[in-house]
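Down below is the structure, laid out as structure tokens.
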2 protein chains.
Amino acid sequence: MSQLRRDPITGRWIIVNYEKAAEPESFRFEKPVKTMPFEKCPFCYGNERMTPPEIVAHRETGKPNTPDWTIRVVPNKYPALTTKGKLEKGGFGVFDRMNGIGDHEVIIDIPEHSLDIADISDNQAEEVIWSYHGRSTDLRKDPRFKYILIFRNYGKAAGASLEHPHSQLIALPIVPKRVNEELHSAHKYYNYKDRCVFCDILSQELADKERIVDVNEHFIAFCPFVSRFPYEMWIMPKKHESHFVSIKKDEVRPLGIILRNTMKKLKKLLNDPPYNYIIHTSPINGFEKEYYHWHIEIMPKLVNVAGFEWGSGFYVNPVPPEVAARNLVSV
Amino acid sequence: MSQLRRDPITGRWIIVNYEKAAEPESFRFEKPVKTMPFEKCPFCYGNERMTPPEIVAHRETGKPNTPDWTIRVVPNKYPALTTKGKLEKGGFGVFDRMNGIGDHEVIIDIPEHSLDIADISDNQAEEVIWSYHGRSTDLRKDPRFKYILIFRNYGKAAGASLEHPHSQLIALPIVPKRVNEELHSAHKYYNYKDRCVFCDILSQELADKERIVDVNEHFIAFCPFVSRFPYEMWIMPKKHESHFVSIKKDEVRPLGIILRNTMKKLKKLLNDPPYNYIIHTSPINGFEKEYYHWHIEIMPKLVNVAGFEWGSGFYVNPVPPEVAARNLVSV
């Protein structure tokens, strides 16, 4: 028998089969491979000239665009949006259109081609978060941008076109639809209950305990009650905070570590699946919403999204989050 | 330079690169293969006992669950939802939950294992639509259901678990989120303009001509101005009609033919890509919405949905729909 579950944030329904959960070994996916020779990888040491000049890098000594960096941020060579020009909006019959103003950066967050974020040290994990924070702080100064989206695609099946570990950042001139949906519901909930919907979910998850994967002083990692995907995980700050960029100095390292730890569990339990993770945060430049609660959503690519999902917005999840969390904890 | 486009139905933005469109040959996808021996395929002639007993079949003579059918409808052996039982709803803290009541059927719409809908005759194409119509007409009588979703997954990458051609039907106890979104916007537009938003899009597409792929007396096939995916196509009745199930007798054959024709063009131009198609229609049983306009959305699986799409609801489309339509027409 299956169960339908709905979350109060997006109104999204899932169908979860809680009689017979799919085994961790049962998933067939395209495993991320590393076959590119280092000398051809634009993100490897010595090949710094293959990317556009760096925006910023973490390195102790040495000149820009030379090796020995620990993290390097460069403009995307094939950007979805461009920073040059003035934002122009207009209609086209019933449609709206706008020129492609925005920013698209690549954060090469590990020098080692053959590793992934699951394999890095505590110090490296902390540095990854600092780099996200640094770029967010810088880009929010541009008044053309309303939203900064940071995400990671791991593996070709998750949309990664280069195999060297990297994150991406896109700054947008509008608040994207998915974010608006979350904001809208969070706002309604706040108006009605005078509480943050994410804080209420957090309390329930902490009380239930069943779906918690990892927890530290500042953060919790859990498989949400309404998980769209098998082994979906969310990392959330325990204290209400709408903006990722407002993260406190002493929270940066614990976030890096809990993120690395969950990625490590995922890799070990499921034999290195492709995944996406995304930082969900409040808009910027006058569109800040205090009732929002920033968090990271981790979505392993273990199943294909099919016609039913596309047509309905329902997700069929073959692994109850309770089972997923139990398996992840036991790794 | 890229362009941002938004449709008035879902408020969805896409980013389309209109300087340099990706070539039809440039896409790398997992081609649907047919490797299962016929004697093991539960949808092939002679193997009727491998499926649950048929719900209905089109055959001139012969007994149920024997060969020589032209179309055969069976319950899904591993249903996402089950028809048995009473609908039970309840809360769980901040969440909602419901038992998995619904119906999940498989429409084996072609006896030939090795063909696809792109390859069938005009008569077969007509019969496919009649089977969709017949099942919809029957299932709307069940007062527990609010929505009937008909879709096809073609190829493993599009979620098909069996390679023999088939469509699926899911009857749902609630109106799904994606449908609600479309209904909500269509309603707002109707209240404001006293016109159907889909009819307005149709007029604009017919006037522009640029994105039309095929057209007949009753239907138009086009690459929508706001295509999320390369070579996305919509098939829409020219006359306003909210329910697929209200299709007129003389419209069934033209719909089958235009659907088959667009699939044929897609297969030929792009070398047999995986795809999903979905019939978008109005809810049922008291939830009918006259301002809705039913249509079919065809979504080829040529690119992977990545972190940016998941996080924002934006879609980056490497082929402007104008180019896609031109290429499809020329096939």
The range A:90-142, subset assigned to a helix (DSSP H, G or I) and of a type in the set (Phe, Trp, Tyr), residue nearest to B:TRP13 (Cα to Cα): A:TYR132
Could you list, in sequence order, all residues of the range A:33-47 that are without any contact (Cβ under 8 Å) to a residue 40 or more places away in the chain and either surrounded by 15 or more Cβ atoms within 10 Å (Cβ to Cβ) or facing chain B (nearest Cβ under 9 Å) (or both)? A:ASN47
Those residues of the range A:176-206 which are within 9 Å of chain B (Cβ to nearest Cβ), within 24 Å of A:ASN285 (Cα to Cα) and not polar (S, T, N, Q) amount to A:PRO176, A:LYS177, A:ARG178, A:VAL179, A:GLU181, A:TYR189, A:VAL197
Could you please give the count of residues in the range A:143-170 that are under 22 Å from A:PHE38 (Cα atoms) and in a loop (DSSP other than H, G, I, E, B)? 9
Exactly one of B:MET50, B:MET1 is free of Cβ contacts under 8 Å to residues at least 60 places away in the same chain and touching a Cys at 6+ places or on another chain (Cβ under 9 Å), and that one is B:MET50
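The rows are residues; the columns are (1) surrounded by 21 or more Cβ atoms within 10 Å (Cβ to Cβ); (2) among the hydroxyl-bearing types (Ser, Thr, Tyr); (3) within 14 Å of chain B (Cβ to nearest Cβ); (4) closer than 22 Å to A:GLN168 by Cβ.
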| residue | (1), (2), (3), (4) |
| --- | --- |
| A:TRP234 | yes, no, yes, yes |
| A:PHE244 | yes, no, yes, yes |
| A:PRO254 | no, no, no, no |
| A:LYS268 | no, no, no, no |
| A:ASN271 | no, no, no, no |
| A:ILE279 | yes, no, yes, yes |
| A:GLY286 | no, no, no, no |
| A:GLY311 | yes, no, yes, no |
Of (1) modelled with pLDDT under 95; (2) surrounded by 18 or more Cβ atoms within 10 Å (Cβ to Cβ), A:SER114 satisfies all except one. Which? (2)
Given A:GLU30, A:GLU19, which one is within 9 Å of chain B (Cβ to nearest Cβ), in a loop (DSSP other than H, G, I, E, B) and at pLDDT below 90? A:GLU30
Can you name the number of the only condition in (1) within 14 Å of chain B (Cβ to nearest Cβ); (2) buried (at least 18 other Cβ atoms within 10 Å of the Cβ); (3) of a type outside the set (Asp, Glu) that A:THR10 fails? (2)
As an exercise: evaluate B:ARG72 against (1) of a type in the set (Lys, Arg); (2) assigned to a strand (DSSP E or B); (3) surrounded by fewer than 21 Cβ atoms within 10 Å (Cβ to Cβ) and give the number of the one condition it does not meet. (3)
Can you tell me which residues in the range A:191-210 are touching a helix residue (DSSP H, G or I) at 6+ places or on another chain (Cβ under 7 Å) and not hydrophobic (A, V, I, L, M, F, W, C)? A:GLU210
When residues of the range A:1-44 are filtered for being over 26 Å from the mean Cα position of the chain (by Cα) and within 30 Å of A:ASP103 (Cα to Cα), how many remain? 4
From the options A:SER185, A:SER227, residue that is closer than 24 Å to A:VAL305 by Cβ, touching a residue at least 24 places away in the same chain (Cβ under 8 Å) and more than 18 Å from the chain's Cα centre (by Cα): A:SER185
Being farther than 23 Å from A:TYR275 by Cβ, more than 10 Å from every other protein chain (Cβ to nearest Cβ), in contact with a Gly (Cβ under 7 Å, 6 or more places away or on another chain) and surrounded by 13 or more Cβ atoms within 10 Å (Cβ to Cβ): is that true of A:PRO52 here? no
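The values are calculated or read from the model by the stated rules, or taken from the named source; none is laboratory data. All figures in this text were calculated on a predicted structure; none of them were measured in a lab. Please note: Cβ atoms are built from the backbone with ideal geometry, for glycine as well, and neighbour counts cover all protein chains shown.
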